[in-house]
Structures are given as C-alpha cells and as structure tokens.
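I have placed the structure first, in the form of structure tokens, so that the comments after it can refer back to it.
The values are calculated or read from the model by the stated rules, or taken from the named source; none is laboratory data. In this text the structure is predicted, and so the values were computed from the model without any measurement. Positions of Cβ are generated from backbone atoms using ideal geometry, with glycine treated the same way; all protein chains shown enter the neighbour counts. What goes into the accessible areas is simple: the full protein's heavy atoms, side chains included, and nothing from ligands, DNA or RNA. Shrake-Rupley method; radii C 1.70, N 1.55, O 1.52, S 1.80 Å.
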Amino acid sequence: MSNPDVLVIGAGITGATAALALAEAGVSVEVVDRYGPAAMASGWTLAGVRQSGRDPAELPLAQAAVALWRDLDARLGAPTGYRQTGNLRLARTPAEVETIRALVADQTAAGLPLELLSDIGDIRAIAPGLSDMVKAASWCATDGQADPVATVNAYLNKAQKLGAKISIGEAVQELTIDNRRVSRVVTNRRSISPGVVILAAGTQVNSLLEPLGQTIPLRLPVVTVLRSARCEATLAPVLGVANANMAARQEPSGHFRVTSGAEDASTQLCERDGKPAIRPVAQRVMETIATVSAVLPAFADAEIDSIWAGALDLTPDGLPVIDRVPGAQNLIVAAGFSGHGFGIGPVTGPLAADLAQDQTPQFSLDAFGFERFAKSSGSAPLTLHG
Ligand SMILES: Cc1cc2nc3c(=O)[nH]c(=O)nc-3n(C[C@H](O)[C@H](O)[C@H](O)COP(=O)(O)OP(=O)(O)OC[C@H]3O[C@@H](n4cnc5c(N)ncnc54)[C@H](O)[C@@H]3O)c2cc1C
C-alpha cells in the first residue's frame, strides 16, 4: 500500500485512535512514526484519564472519552490498564482551598459530578496515605487512569488487524503542496502520495508545518517524571493539586508514577535506547521528590526505578488544534493537546478521522480551530497537565 487514502503521521495516542477509526470505517490507512508507538508524550505521560478541571470546551470530549474507556479493553481485545479509580485534587493551603471550592462550583454547574471534601477523614477514606498537609480536595469518582503504552499498542494492533499499515522507524521530512493540497509526503525512505494526511506529531508538529508557512504558536514546557520501584499498594486514585505543581498515581504493579509541574525550559531532545528523550534536571528532580513526599509520605521511602522528562505541546489557550491546515485542504492537524491529550485520545483521533473522511465531526470543533490564535495573544498558565 504505497498510497493510502489516509496517511497518519505519529503513532502516539492521537494517531493510533485516528488510525483505528479509519480502519473501522474501511478506509485504507497507514501510520508512520519516526521512533515507535508511544515514543514521545504518549509514553512520557502520567496517563490520568481526567474530566475534572477541564476547559468547558473540552469537557464534553472528556466525558465522552470516559464512556469509551469503560469498554475499551473488550473493543480492542487487549488490556489498556484502564481503571476508574477517581481523581482527588488536593488543597494544601487556605488559598488552594478557595481554588478547589471554585473549581467544584464551576464544574458542577457545567454538569460534572464533582464533590468538595473538606474533612481529612473523608479524603483519607479514599487515599489513606495522605499527610496532614492536605486541607481539602475535589473528588471526581468517574476519573481514572490507564497504561499509556499498552493503550497505544492495543489501538495500533487492532487497527492493523483491520488492515491498517504501521510503518515504524520512518521519519517524515517534508510535505509538498500543489494546488492547495498535499501532493507528496517525503520520508527518509520513500515518497508517498496519500489522499489525506493527518498530522499527529505532538511537540514536533511545527517542524512539518513551518516550511508550509503555517505554525501553531506552541510553547514546549517540560515536566519531570519519576517512577518508583514496586511499593505496597496504598494509592488508588490519581492525585493532583490545586496549583498543578505535582500529580501522582500508583500503577497496579505498585510503582508510583509522579510528575512535577510544567516549567518553561529550552527543550533539547536527545536519543536514549533509540527513543527520543529529554534529560531531567537534578534540581527539578529534588523539588519533585520534596513536593510529592510532602503530601504522600510513602513516596519519600520509595526506591526510584527511573526518571525522565517530557515536553508538553502547550497552545496559548491550552486547547488543542483539530482542524484542516489553511492552504492545504487535505492536511488535518490534531496536536497542541497542552498536557491533557491522553485521556481524551479515544475521542480526538476519531474527530480528526471524521475530518479526513469529510464527515461532520461528532462534536463541535469550533474551539479547536487552526486560525484562532491569529485573533488573540493569550498565554495559558503552566498548570494544565495531568
Ligand atoms: C509528563 C507528562 C504528563 C502528562 N500527563 C497527562 C495525563 O495525566 N493525562 C492526560 O490526558 N494527558 C497527559 N499528558 C499529555 C498527553 O500525554 C499528550 O497530550 C498526548 O500523549 C499527546 O499524544 P499525541 O499522539 O498527540 O502526541 P505524541 O504522543 O507526542 O505522538 C507524536 C508522535 O509523532 C511522532 N513523530 C513526530 N515527528 C515525526 C515525523 N517527522 N515523522 C514521523 N513521526 C513523527 C513521534 O515519534 C511521536 O510518536 C502528559 C504529558 C506529559 C509529557
């Protein structure tokens, strides 16, 4: 299949879910990825599946995604590790209590079942290992978590069974435009002429858009991630905090997986074991251990298995771009997920697939247009991942 109907660039959660939607619709689809499934953000991620704290424009997508996550293992015929364990967003100071109170009021009004817990006893009934530092929390029982690498592989394997071609180790170098259409996709191996291209290249999206005279105004802040050795199971829900300077969960295997807040940094990609990597900074690692251990003392005693850093593709308003690229009718971009694109992946890839098939998308994409940034100059706070 040298010229598929749709070529998907990127085998992260977005590309993988788009590919399955297309394969299920009987469209010939090929996915190319420079490094491999979940090699970048979809592998670096915390992998919370969260509706709470979402922008109103994204909340319907997040709620629809949760409905899909519940049946995903059966649909994909493989485990995604999805568990609906809930999400506690913690307040550690009086100011954070007010932040959480406002969050609960806003989100409840928007139709999300979210509870305000003001008693540490009620919070510890959900997460017994929390310290006295915790003053209050929001509780969203329908949030959850999953295994990101298993999920992406499950999607790709299912798509492959339905006829999708998955080409790994192939880097797209250039898109050629003729008559306002992508006529050719040049990789390090060959030239492809697909009917439509879905660009789901995460933080790398602008390297292919810039030569076309188009860019998404992205910042690429960095998050530090630590994964512990196996520990006694003490933490069921995903933890966040009011100012988003940490998040944590415990995998079913007992490994804690914890993240720092996002910080602007000059992101240098290097390669480790053939995969793209960002080297974590010692100071950020120490700060993350201190911040997490202050609310979750068990983490201070944990042995650390691995440490990495991951970059976010942060747009000025913290919302993704899911749209056709101006000046290229058959080029669709799905990127800029701003640190929360994993949980909504089961919905966002299929939305890009709808556009690729010229179908009316299942949800309004008005808030996710490519050209919206030309009209505003906002800057999203670095508080959004997790
Ligand atoms: C530390 C961290 C914590 C996070 N926590 C959460 C969370 O708890 N919950 C949540 O919902 N989201 C979270 N996110 C965000 C979420 O992980 C991302 O939004 C999501 O994984 C993005 O998926 P993607 O498929 O769009 O991009 P990616 O996963 O980055 O995939 C892009 C793919 O494109 C490939 N590619 C790039 N350029 C080329 C090219 N030229 N040719 C071929 N292939 C190319 C790359 O190899 C890569 O595999 C977090 C992110 C980070 C970094």
The listed residue being within 22 Å of Phe337 (Cα to Cα) and of a type in the set (Val, Ile, Thr), out of Thr99, Thr108, Thr45, Thr85: Thr45
Single unsatisfied condition, Asp119 versus (1) touching a Ser or Thr at 6+ places or on another chain (Cβ under 8 Å); (2) away from the ligand (no atom under 16 Å from the Cβ); (3) open to solvent by 10 Å² or more (accessible area, probe 1.4 Å): (1)
Scope region 88-105; condition open to solvent by 20 Å² or more (accessible area, probe 1.4 Å) and under 23 Å from the mean Cα position of the chain (by Cα); matching residues: Arg89, Leu103
Among residues of region 294-331, those that are of a type in the set (Ser, Thr, Tyr) and crowded, with 18+ Cβ neighbours inside 10 Å, counted: 1
Residue in region 1-12 that is surrounded by the most Cβ atoms within 10 Å (Cβ to Cβ), counting only those that are among the β-branched types (Val, Ile, Thr) and within 11 Å of the ligand (Cβ to nearest atom): Val8
Count - residues of region 152-211 that are near the ligand (Cβ under 10 Å from one of its atoms), at negative phi, touching a residue at least 24 places away in the same chain (Cβ under 8 Å) and not in a strand (DSSP E or B): 9
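Okay, residues lined up against (1) out of contact with any His (no Cβ under 9 Å at 6 or more places or on another chain); (2) within 24 Å of Gly81 (Cβ to Cβ); (3) assigned by TED's automatic domain parsing to the domain that holds Pro60:
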{"position": "Thr259", "(1), (2), (3)": "no, yes, no"}
{"position": "Glu271", "(1), (2), (3)": "yes, no, no"}
{"position": "Phe299", "(1), (2), (3)": "yes, yes, no"}
{"position": "Val325", "(1), (2), (3)": "yes, no, yes"}
Tally of residues being within 15 Å of Ile307 (Cβ to Cβ) and without any contact (Cβ under 8 Å) to a residue 40 or more places away in the chain across region 216-265: 1
Any hit, region 252-259, residues being among the charged types (D, E, K, R), crowded, with 17+ Cβ neighbours inside 10 Å and not in a loop (DSSP other than H, G, I, E, B): yes
Those residues of region 13-25 which are touching a strand residue (DSSP E or B) at 6+ places or on another chain (Cβ under 8 Å) and within 6 Å of the ligand (Cβ to nearest atom), in sequence order: Thr14, Gly15
All positions within region 277-293 that are closer than 26 Å to Ala91 by Cα and surrounded by 21 or more Cβ atoms within 10 Å (Cβ to Cβ): Thr288, Val292
Qualifying position, being touching a Lys or Arg at 6+ places or on another chain (Cβ under 8 Å), polar (S, T, N, Q) and modelled with pLDDT of 95 or more, among Thr80, Thr45, Thr17, Thr93: Thr93
Matching residues in region 224-251 - criterion: being more than 23 Å from Ser138 (Cα to Cα) and either assigned to a strand (DSSP E or B) or within 13 Å of the ligand (Cβ to nearest atom) (or both): Thr224, Val225, Leu226, Arg227, Ser228, Ala229, Arg230
Of all residues in region 26-37 being open to solvent by 10 Å² or more (accessible area, probe 1.4 Å) and within 17 Å of Pro148 (Cα to Cα), the one that is farthest from the ligand (Cβ to nearest atom): Pro37
Only one of Ala374, Ala356, Ala334, Ala352 that is modelled with pLDDT under 95 and either over 20 Å from the mean Cα position of the chain (by Cα) or surrounded by 24 or more Cβ atoms within 10 Å (Cβ to Cβ) (or both): Ala374
Filter result (under 17 Å from Ala248 (Cα atoms) and open to solvent by 50 Å² or more (accessible area, probe 1.4 Å)) within region 133-158: Met133, Ala141, Asp147
